[in-house]
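Asks: Here you go, one structure.
The values are calculated or read from the model by the stated rules, or taken from the named source; none is laboratory data. These figures come from a predicted structure and were not determined experimentally. Note that we place each Cβ from the backbone using ideal geometry, even for glycine, and neighbour counts take in every protein chain shown. Note: accessible area is taken over every heavy atom of the protein model, side chains too, but ligands, DNA and RNA are not part of it. Shrake-Rupley method; radii C 1.70, N 1.55, O 1.52, S 1.80 Å.
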Amino acid sequence: MINFTVGPVMCSEEVCAVGGEQVPYFRTPEFSEIMFENESLILKFSKAPKGSKAVFMTCSSTGSMEAAVMNCFSSRDKVIVIDGGSFGHRFVKLCEIHDVPYDAVTLEPGQSLTKERLYEYDGSGYTGLLVNIDETSTGVLYDSEMIGEFCRKNGLFYVCDCVSAFLADPFDMARCGADVMITGSQKALACPPGASVIVLSPRGVERVKNAQVRSMYFDLADSLKNMERGQTPFTPAVGILRQIHARLSEIERAGGADAEIARVASQAADFRRKIKELPFEFVSRSPANGVTPVHPLHGDAYEIFTELKDHYGIWICPNGGEMKNTVFRVGHIGCLTHEDNTTLINALRDLQLRGKL
Ligand SMILES: *Cc1c(COP(=O)(O)O)cnc(C)c1O
């Protein structure tokens, strides 16, 4: 099987090997050490400012998005949500559920956020901003630094969902001034799903410590307190956290976050070059490195997904909702190579010969 979806993605041999081991008991100095190393590499790779902290959540990244909304905002806030697709819309829903007053900046699928559009909200009494740096549903990459400058000017608490952007697109938490960075185990971290990470800037740490949260599991102050000894309040996904440790160490040995981001960028560029010979159109105007959404000029996007899965052992990523039949996505994160791209292009060419596109 070759997996070109945007999560879960292909894991390295080393990560797979750790997954085949027995899962150890975790209230030990040895496991704490693994957690401290995980934290230090995550802070390094996200370029977090000095004094930042990371907490490891056993839930999918949506759980961490929800934790961020619950711990960082309340009904006394008024936030801006960049809503350019299904992940932006998820923040909108979370604000509704948790009674956080918001205004959504709604963008068309594939449309980027311009400075002009954002500055329509300048000086209007907002307290925070939430954005998915790579809106994975449309593959649009927003400008984290342009948004960060706006947040600094307006004194906004700045939450970045980097779930699919972390380790795939350049992101400098200190430079863009983000207070919260969220990522997950099954995207560019290329581990099995089940764990996610929240990085808090010093301002984020302060905010979370003073929050009044009506939740036991999603109380980030409790997570922070436990992380002081390299632990979590409740039993974490021990096996996945050990796999994350293997993966972060692997990236560090191979040159760190910038080298991994360059590798993903080259994987994306190679695919985008090769697919040009086939009858497809690109959807996004400022594409993220992690994923390429493509629109088939002939044939049904969902049928192409099914054909590739059932007859070629290749998984691409179907789109949900309104774009189900018109757009599919090809991921570039995880352990994929340029040869894998060629294999996919050859399969598409074969589908073309068979009259399916
Ligand atoms: C994948 C993804 C998520 C959440 O994923 P889960 O399915 O909850 O792990 C959130 N935001 C973005 C931008 C994503 O790509």
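Asks: Within segment 79-97, work out how many residues are open to solvent by 50 Å² or more (accessible area, probe 1.4 Å) and modelled with pLDDT of 95 or more.
Replies: Adding up the residues that qualify gives 5.
Asks: Determine whether Glu96 is part of a helix (DSSP H, G or I), more than 24 Å from Ile198 (Cα to Cα) and away from the ligand (no atom under 16 Å from the Cβ). First the steps, then the outcome.
Replies: Numbers: part of a helix (DSSP H, G or I): yes; more than 24 Å from Ile198 (Cα to Cα): no; away from the ligand (no atom under 16 Å from the Cβ): yes.
Answer is no for this residue.
Asks: Does Gly88 count as small (Gly, Ala, Ser) and within 15 Å of the ligand (Cβ to nearest atom)? Reasoning before the result, please.
Replies: Numbers: small (Gly, Ala, Ser): yes; within 15 Å of the ligand (Cβ to nearest atom): yes.
Spelling it out, Gly88 is indeed small (Gly, Ala, Ser) and within 15 Å of the ligand (Cβ to nearest atom).
Asks: Continuing with the same structure: Can you tell me which residue within segment 147-191, out of those that are within 14 Å of the chain's Cα centre (by Cα) and surrounded by fewer than 24 Cβ atoms within 10 Å (Cβ to Cβ), is nearest to Arg90 (Cα to Cα)?
Replies: If we take residues in segment 147-191 being within 14 Å of the chain's Cα centre (by Cα) and surrounded by fewer than 24 Cβ atoms within 10 Å (Cβ to Cβ), then Asp169 is nearest to Arg90 (Cα to Cα).
Asks: Related question: What are the pairs, 6+ residues apart or on separate chains, where a residue within segment 78-91 that is within 8 Å of Leu129 (Cβ to Cβ) has its Cβ under 9 Å from a residue that is open to solvent by 40 Å² or more (accessible area, probe 1.4 Å) and assigned to a loop (DSSP other than H, G, I, E, B)?
Replies: Val79/Pro101; Val79/Thr127; Ile80/Ser124
Asks: Suppose we keep only residues that are more than 12 Å from the ligand (Cβ to nearest atom) and in a loop (DSSP other than H, G, I, E, B) within segment 154-169. Which one would you say is farthest from Glu14 (Cα to Cα)?
Replies: Only one residue fits best here, namely Gly155.
Asks: Confirm whether Arg285 is in the same structural domain as Ile42 (by TED's automatic domain parsing) and either at negative phi or open to solvent by 20 Å² or more (accessible area, probe 1.4 Å) (or both).
Replies: no
Asks: Is it the case that Ala54 is closer than 30 Å to Phe150 by Cα, within 16 Å of the ligand (Cβ to nearest atom) and surrounded by 15 or more Cβ atoms within 10 Å (Cβ to Cβ)? Before the answer, list the steps.
Replies: Numbers: closer than 30 Å to Phe150 by Cα: yes; within 16 Å of the ligand (Cβ to nearest atom): no; surrounded by 15 or more Cβ atoms within 10 Å (Cβ to Cβ): yes.
For Ala54, the condition - closer than 30 Å to Phe150 by Cα, within 16 Å of the ligand (Cβ to nearest atom) and surrounded by 15 or more Cβ atoms within 10 Å (Cβ to Cβ) - is not met.
Asks: Which one of these does Leu348 not meet: (1) part of a helix (DSSP H, G or I); (2) over 18 Å from Ser284 (Cβ atoms); (3) out of contact with any strand residue (DSSP E or B) (no Cβ under 9 Å at 6 or more places or on another chain)?
Replies: The one condition Leu348 does not meet is (3).
Asks: Is there any pair linking a residue in segment 143-154 that is within 12 Å of Ala174 (Cα to Cα) to one that is among the aliphatic types (A, V, I, L, M), with Cβ under 9 Å and at least six apart or on different chains, and which?
Replies: Filtered contacts from segment 143-154: Ser144/Val131; Ser144/Ile133; Ser144/Ala165; Ser144/Met173; Ser144/Ala178; Gly148/Ala178.
Asks: If the requirement is being over 21 Å from the mean Cα position of the chain (by Cα) and open to solvent by less than 40 Å² (accessible area, probe 1.4 Å), which of these qualifies: Leu248, Leu278?
Replies: When all the criteria are applied, what remains is Leu278.
Asks: Scanning for something open to solvent by less than 50 Å² (accessible area, probe 1.4 Å), in the same structural domain as Thr232 (by TED's automatic domain parsing) and within 16 Å of the ligand (Cβ to nearest atom), does segment 21-39 turn up at least one residue?
Replies: No; the residues of segment 21-39 include none that is open to solvent by less than 50 Å² (accessible area, probe 1.4 Å), in the same structural domain as Thr232 (by TED's automatic domain parsing) and within 16 Å of the ligand (Cβ to nearest atom).
Asks: For segment 128-138, state whether one or more residues are surrounded by fewer than 22 Cβ atoms within 10 Å (Cβ to Cβ) and out of contact with any helix residue (DSSP H, G or I) (no Cβ under 8 Å at 6 or more places or on another chain).
Replies: No: segment 128-138 contains no residue that is surrounded by fewer than 22 Cβ atoms within 10 Å (Cβ to Cβ) and out of contact with any helix residue (DSSP H, G or I) (no Cβ under 8 Å at 6 or more places or on another chain).
Asks: Quick one: Arg76 ticks every box in (1) within 25 Å of Glu206 (Cβ to Cβ); (2) more than 15 Å from the ligand (Cβ to nearest atom); (3) open to solvent by less than 40 Å² (accessible area, probe 1.4 Å); (4) part of a loop (DSSP other than H, G, I, E, B) except a single one, so which number is it?
Replies: In the conditions (1) within 25 Å of Glu206 (Cβ to Cβ); (2) more than 15 Å from the ligand (Cβ to nearest atom); (3) open to solvent by less than 40 Å² (accessible area, probe 1.4 Å); (4) part of a loop (DSSP other than H, G, I, E, B), Arg76 misses (3) alone.
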